[in-house]
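Step one of this worksheet: look at the structure below.
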Amino acid sequence: MRRRLATPLLAMLMVAAGGPLALAQKAGGTLHVSHRDNPPSASIHEEATISTVMPFMSIYNNLVVFDPKEKQDSADHIVSDLATEWAWSNGGKDLTFKLRDGVKWHDGKPFSSADVKCTWDMLKGGEDSKLRRNPRKIWYFNLKEVTVNGPSEVTFHLERPQPSLLTMLAGGHSPVYPCHVPVEQMRTKPIGTGPFKFDRLKQNESIRVVRNPDYWKKGRPYLDAIEFTIIPNRSTAVLAFTSGK
């Protein structure tokens with residue numbers, strides 16, 4: 001089979017769905033994607049652009065995501081990911097999530113509410129935050145604290161009502177990080193709960209992620225791997241695609 005270089009749009013749709021598009025359901029194979037830039041690191045929470053989100057989003061999961069079956073992202077079409085259900089209370093100032101059971105990080109350790117609290121405590125930018133950069137700290141100016149009620153429930157407490165919080169949590173810049181993994185490691189060898197596992201990053205050359213055989217969503221992902229070839233020049237990327245590379 002001739003290797004093909006997919007467009008970034010195809011890759012984004014595939015990553016959002018946790019597998020290839022509905023028109024290509026056959027399992028196996030490697031998707032080859034051209035990528036516009038060399039990412040500064042693999043740590044989504046420390047970087048600001050799609051150059052990091054696009055190749056590494058499939059390593060992680062969010063609490064919630066925009067429904068990949070919809071043609072356009074919307075606050076009316078948010079579906080569960082690591083959270084199975086959620087509810088507002090206290091006049092719209094508390095948002096509580098029930099978390100999925102049986103989810104494991106790529107290193108085999110169990111996912112729990114502590115990981116969610118740890119991630120957003122870090123993003124709030126307190127004294128204990130280990131982030132080298134925190135480009136979205138301003139997103140959480142209204143977040144007072146995050147509390148846990150056992151391993152499968154977590155609540156976001158706001159200073160005042162903010163319906164947009166759920167929308168922010170559904171975007172590609174809001175993955176849950178593992179508490180037990182140093183942030184320094186997340187920059188070069190990230191660990192997540194997602195459908196793909198980090199394989200390698202060759203600076204200014206390529207990025208490769210491989211299928212997570214223990215993914216909590218049974219039967220996913222369909223692909224064996226995704227390989228991103230870094231081609232900053234748009235014309236060169238288009239020529240590579242048309243020539244079948």
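The values are calculated or read from the model by the stated rules, or taken from the named source; none is laboratory data. Not measured: the values here are computed from a predicted model. Here the Cβ positions follow ideal geometry from the backbone for every residue, glycine too, while neighbour counts run over all protein chains shown. Only protein heavy atoms, including side chains, enter the accessible area calculation; ligands, DNA and RNA are left aside. Shrake-Rupley method; radii C 1.70, N 1.55, O 1.52, S 1.80 Å.
Near the amide H of Arg211, within less than 5 Å, lie the amide hydrogens of Lys197, Ala225, all on another chain or at least 5 residues away, with H placed in the peptide plane.
Which of the pairs Lys109/Lys144; Lys93/Lys218; Lys124/Lys218 have their Cα atoms more than 31 Å apart in this structure?
Pairs exceeding the cut-off: Lys93/Lys218; Lys124/Lys218.
For the listed peptides 173-182, 103-112, a ranking on the average number of other beta carbons within 10 Å per residue, highest first, reads 173-182, 103-112.
For the chain, with all protein chains present and a 1.4 Å probe, just round the carbon and sulfur fraction of the accessible area to a whole percent. It would help to have the intermediate numbers written out before the result.
Numbers: 6490 of 12450 Å².
Of the solvent-accessible surface of the chain, carbon and sulfur hold 52 percent.
Taking the C-alpha atoms only, the angle from helix 113-123 to the longest principal axis of the chain is near 80 degrees.
Here the sum of -39500 (n - 2.57) over DSSP H runs of 4 or more residues, divided by the residues of the chain, equals -5500 deg cm²/dmol at 222 nm, to the nearest 500.
Averaging over all projection directions, the Cα-based convex hull of segment 33-97 occupies 6.2 nm² in the image plane. For the chain, averaging the sequence separation of C-alpha pairs within contact (under 8 Å, six or more residues apart) and dividing by the residue count gives a relative contact order of 30 percent. Relative contact order for segment 34-77: 25 percent, from Cα pairs under 8 Å spaced at least 6 residues apart, divided by residue count. The alpha carbons of the chain occupy a box of 58, 35, 34 Å along the principal axes, longest dimension given first. Computed from backbone phi, the HN-Hα couplings of segment 198-211 come to 5, 10, 7, 9, 9, 3, 6, 10, 7, 10, 9, 10, 10, 4 Hz, rounded to whole numbers (Karplus: 6.51 cos²θ - 1.76 cosθ + 1.60, θ = phi - 60°; Gly and Pro given as x).
Sequentially through segment 106-112, phi angles give Karplus couplings (6.51, -1.76, 1.60; θ = phi - 60°) of 4, 8, x, 6, x, 7, 8 Hz, Gly and Pro residues having no value and appearing as x.
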